[in-house]
Amino acid sequence: MSDDDTYVRAKLTEINGAIERLTQMLNRMIDVLSKITEVQDSNSEISLAVAANSEKLDEIMDKLENVSVAALARPADAPSIEQKGAVSSLQAVLDTLDSQIREGVIASDLSIKISQAASILEQKGGAGQLIVKMQRWVRILKTYGRVDPINPSDVQKLRNDLKEWQKEVTQAR
């Protein structure tokens, strides 16, 4: 073998190694791009679920605004049908809030929903202490950025408070 043949073989071996490294890098880039696509798809699904829950909550809020709860404030031995219906409607609002918390709603959206629920409770004669507690959470959630998810420890505290709110509404029956 001549020196030229040896040189050409060495260069071809070097080129072959470079092509293999480029192939491996290209495969890793394809893996990264597929992961990014998966994340975008799951993000879109979450956004759709949040939007659907928001619409459900808006529908429930609209229905609650039409329910009369004037009798809820006065004590009675046997609750009237209006009271039971109002309490059920208030319970539905709290249940919807609970489902949104479970699905990871954005803090600013949840603060708006809690604020609306508190104003509806106030209009319908709900307990003042419950409304104050709900407004406290509105203030807490407004400390987050516009599109920030809720901190896991705050989510747990909010869930505990939500359970207490549901108990208070149930006691109104």
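The values are calculated or read from the model by the stated rules, or taken from the named source; none is laboratory data. Keep in mind it's a predicted model, so treat the numbers as computed, not measured. All Cβ positions, glycine included, derive from the backbone under ideal geometry; neighbour counts span all protein chains shown. Quick note on the areas: whole protein, heavy atoms, side chains included, nothing else; ligands and nucleic acids left out. Shrake-Rupley method; radii C 1.70, N 1.55, O 1.52, S 1.80 Å.
Okay, here's what the table says:
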quantity: Part-to-part distance (alpha-carbon centres) for the range 149-173 and the range 1-70, which is given in Å; calculated: 36 Å
quantity: Around Q129: net Lys/Arg minus Asp/Glu count, Cβ-Cβ under 13 Å; calculated: -1
quantity: Computed FRET value (nearest 0.05) for K167 with L48, which takes r as the C-beta separation and R₀ as 41 Å; calculated: 0.80
quantity: Per-residue SASA entry for V138, accessible area with 1.4 Å probe, Å² rounded to 10; calculated: 10 Å²
quantity: Packing rank of 113-123, 157-167, where each peptide gets the mean count of other beta carbons within 10 Å, highest leading; calculated: 113-123, 157-167
